[in-house]
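Right, one structure below, let's go through it.
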Amino acid sequence: MDNRSLVSLAQHSKEKLLYLLDMAKRFEENPNRRLLENKVVATLFFEPSTRTRLSFETAANRLSARIIGFTDPKSSSSAKGETLKDTITMVANYADIIVMRHHLEGAARYAAEISPVPIVNAGDGANQHPSQTMLDLYSIQKTQGTLENLNITLVGDLKYGRTVHSLLTAMRHFNPNFRFISPEELKMPNEYKVFCRQQGIPFEESTVFNERVIADTDILYITRVQSERFTDMLEYERVKNAYTLHNSMLEGTRPNMRILHPLPRVNEISYDVDNNPKAYYFEQAKNGLYAREAILCDVLGITIEDIDNYERK
Amino acid sequence: MKENKQRLLVAALENGTVIDHIPSDQLFTVVHLLKLDKLETKITIGNNLVSSKLGKKGIIKLANKFFDSDEINKISIVAPHIRLNIIRNYEVVEKREVDMPNQLLGIVKCANPKCITNNEPMTTNFHVIDKEKCTIKCHYCEKEQTKEDFTIIE
């Protein structure tokens, strides 16, 4: 079915990404706009994700929409064996937008094909999580004043980390320079390196994480190294400490450099970094609200012009 | 004389299609993919025949059956080098090769167990990325896979 669903950012042109970021900026200036009055937003979380759900529900609330949905798949009809198709078709009778998180990959694309109302993908397994990438792009643009020609260092789990893959794909429009820092076990998959070469994006790989490799970085994007990715627990203990950012490592870094992390953080960023002005991860999460307000409006066909007109009223 | 008799048995097709150069191990997959078991017209199937190209090959002769491109192209994922001979009035009027389509609908099962297509009653959908290497990409979970990874839907 042809609708304005957001399944993956790969569907968006550079212009469209910049347009959505522009729209998000309007919501940072004023997050409370009654643009979705009388609209119902369904949040279907087939897999729990408190952070993403709260962010989407806050976005919907600040736009004056009403919210229905479930947060626990055990209490939903899918636990009784209902197909995704039936759940989506049923909920589409009630809601104007469906925000969904699902543990199966491709669930959002399938839902978008069968749903008469727009679907917003809030994460489908290890596949896509476009609203996270939107807030990452927004945070980068806001802190650097541009998305173009930046040195971006990705640290941690680059193998399974969905957010780093999406970010890398979205950044293809902006001439970035990447550095991939990870333990051997969690290196950037080959398909993404092939992608970089095809797009003419320069990158370096390293297993060492220290002051020197981050000295010329504009964006330091850190992800969590999860213990469940390791078969050898001794190896995990070693790796865990080798990829922790400490405040002392930030002394020689660029003044414009900012540290991003999709959260939740465990021990990959030491707590002494939190008070450093270069630590940006909590503001980054806040930017998620503006990015998601923009996404909810866009899938319903609300434009920047509509937002500005509404403001003048 | 004996040889002649053998030839007559399989060559006597007035109108129809001959699918030639099928790899022997794929013959019955081709039968399945083309749903030939549902066909009411005369079918002659030969397998493990001597082939200079393949070593062993299979051949299928179908009386009064003609395929459109969409129908026949899907077998290219298991047998990319088959040859089609279209017969009218005992004469070969057209020779065709199969061309792998850009999209495979409901033919291949996704290799990713966490793909929605393996957990929901729905039609699979693949985009063909590389026809030579037979690399395909799941429309849903976006995982790329090659011939060794995926299986044909039973």
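The values are calculated or read from the model by the stated rules, or taken from the named source; none is laboratory data. Everything numeric here is computed off the predicted structure, so don't read it as measured data. Positions of Cβ are generated from backbone atoms using ideal geometry, with glycine treated the same way; all protein chains shown enter the neighbour counts. The accessibility values were calculated without ligands, DNA or RNA, using every heavy atom of the protein model including side chains. Shrake-Rupley method; radii C 1.70, N 1.55, O 1.52, S 1.80 Å.
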Test each condition in (1) open to solvent by less than 60 Å² (accessible area, probe 1.4 Å); (2) in contact (Cβ under 8 Å) with a residue 24 or more places away in the chain for A:Ala279 and report the one that comes out false. (2)
Within region A:164-177, can one find any residue that is open to solvent by 40 Å² or more (accessible area, probe 1.4 Å), under 15 Å from the mean Cα position of the chain (by Cα) and more than 14 Å from every other protein chain (Cβ to nearest Cβ)? no
Can you find a residue that is within 14 Å of another protein chain (Cβ to nearest Cβ) and either in contact with a Cys (Cβ under 6 Å, 6 or more places away or on another chain) or not acidic (Asp, Glu) (or both) anywhere in region A:68-76? yes
Output the qualifying pairs, or none if there are none: Cβ atoms under 6 angstrom, residues six or more apart or on different chains, first residue in region A:120-134 and over 16 Å from A:Arg51 (Cβ atoms), second residue in a helix (DSSP H, G or I). A:Asp124/A:Ala107; A:Asp124/A:Ala108; A:Ala126/A:Arg162
Check whether at least one residue in region A:33-52 is more than 30 Å from A:Ile140 (Cβ to Cβ), in a strand (DSSP E or B), under 22 Å from the mean Cα position of the chain (by Cα) and of a type in the set (A, V, I, L, M, F, W, C), and report yes or no. yes
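Just to verify a result, which residue in region A:173-191, among those that are in a helix (DSSP H, G or I) and of a type in the set (A, V, I, L, M, F, W, C), is farthest from B:Thr146 (Cα to Cα)?
Initially, region A:173-191 is screened for residues in a helix (DSSP H, G or I), giving A:173-174, A:184-186, A:190-191.
When the remaining residues are screened for being of a type in the set (A, V, I, L, M, F, W, C), the result is A:174, A:186.
Values: A:Phe174: 31, A:Leu186: 23 Å.
Checking each candidate, the answer is A:Phe174.
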Select from region A:85-136 the residues that are more than 17 Å from B:Asn112 (Cα to Cα) and within 11 Å of chain B (Cβ to nearest Cβ) and write down the one among them that is surrounded by the fewest Cβ atoms within 10 Å (Cβ to Cβ). A:Asp86
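So that you can scan it fast, the table gives a plain yes or no per residue for (1) part of a loop (DSSP other than H, G, I, E, B); (2) closer than 24 Å to A:Thr58 by Cβ:
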position: A:Lys240; (1), (2): no, no
position: A:Ser248; (1), (2): no, no
position: A:Arg254; (1), (2): yes, no
position: A:Ala285; (1), (2): no, yes
position: A:Glu293; (1), (2): no, yes
position: A:Leu296; (1), (2): no, yes
Taking region B:120-145 and keeping residues within 18 Å of B:Pro80 (Cα to Cα), β-branched (Val, Ile, Thr) and open to solvent by 40 Å² or more (accessible area, probe 1.4 Å) leaves B:Ile129
Residues in region B:103-123 that are more than 9 Å from chain A (Cβ to nearest Cβ), touching a Phe, Trp or Tyr at 6+ places or on another chain (Cβ under 8 Å) and not hydrophobic (A, V, I, L, M, F, W, C): how many? 2
Scan region B:30-60 residue by residue and report those that are modelled with pLDDT under 90, surrounded by 14 or more Cβ atoms within 10 Å (Cβ to Cβ) and among the hydroxyl-bearing types (Ser, Thr, Tyr). B:Ser51
Condition first: open to solvent by less than 10 Å² (accessible area, probe 1.4 Å) and either touching a Phe, Trp or Tyr at 6+ places or on another chain (Cβ under 7 Å) or assigned to a helix (DSSP H, G or I) (or both). Now tell me which residues in region A:4-22 satisfy that. A:Leu17, A:Leu20, A:Leu21
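Inspect region A:43-60 for any residue being farther than 30 Å from A:Glu283 by Cβ and at pLDDT 95 or above and give the result as yes or no.
To start, the set of residues in region A:43-60 that are farther than 30 Å from A:Glu283 by Cβ comprises none.
The answer is no, given that none of the residues of region A:43-60 is farther than 30 Å from A:Glu283 by Cβ and at pLDDT 95 or above.
Considering only residues that are part of a helix (DSSP H, G or I) and under 13 Å from A:Ser131 (Cβ atoms), which ones fall in region A:256-283? Give the derivation first.
Pass one, region A:256-283, residues part of a helix (DSSP H, G or I): A:271-273, A:281-283.
Correct list: empty.
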Give the residue, chosen from B:Glu132, B:Glu94, B:Glu142, that is within 12 Å of chain A (Cβ to nearest Cβ), among the acidic types (Asp, Glu) and free of Cβ contacts under 8 Å to residues at least 24 places away in the same chain. B:Glu142
Take A:Thr207 and tell me if it is surrounded by fewer than 17 Cβ atoms within 10 Å (Cβ to Cβ) and away from every other protein chain (no Cβ under 14 Å). yes
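Only one of A:Val208, A:Val194 is in a loop (DSSP other than H, G, I, E, B), assigned by TED's automatic domain parsing to the domain that holds A:Gly161 and free of Cβ contacts under 8 Å to residues at least 60 places away in the same chain. Can you tell me which? Break it down stepwise before answering.
Values: A:Val194 fails: in a loop (DSSP other than H, G, I, E, B).
Unique residue meeting the criteria: A:Val208.
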Mind listing whichever residues of region A:211-238 are open to solvent by 30 Å² or more (accessible area, probe 1.4 Å), outside any helix (DSSP H, G or I) and not charged (D, E, K, R)? A:Ala215, A:Gln226, A:Thr231
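Which is touching a residue at least 40 places away in the same chain (Cβ under 8 Å) and either crowded, with 18+ Cβ neighbours inside 10 Å or out of contact with any Asp or Glu (no Cβ under 8 Å at 6 or more places or on another chain) (or both), of B:Thr117, B:Thr151? I'd like the intermediate steps shown before the answer.
Working: B:Thr117 fails: touching a residue at least 40 places away in the same chain (Cβ under 8 Å).
Exactly one of B:Thr117, B:Thr151 is touching a residue at least 40 places away in the same chain (Cβ under 8 Å) and either crowded, with 18+ Cβ neighbours inside 10 Å or out of contact with any Asp or Glu (no Cβ under 8 Å at 6 or more places or on another chain) (or both), namely B:Thr151.
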For region A:268-303, name all the residues that are of a type in the set (Gly, Ala, Ser) and under 21 Å from the mean Cα position of the chain (by Cα). A:Ala279, A:Ala285, A:Gly288, A:Ala291, A:Ala294
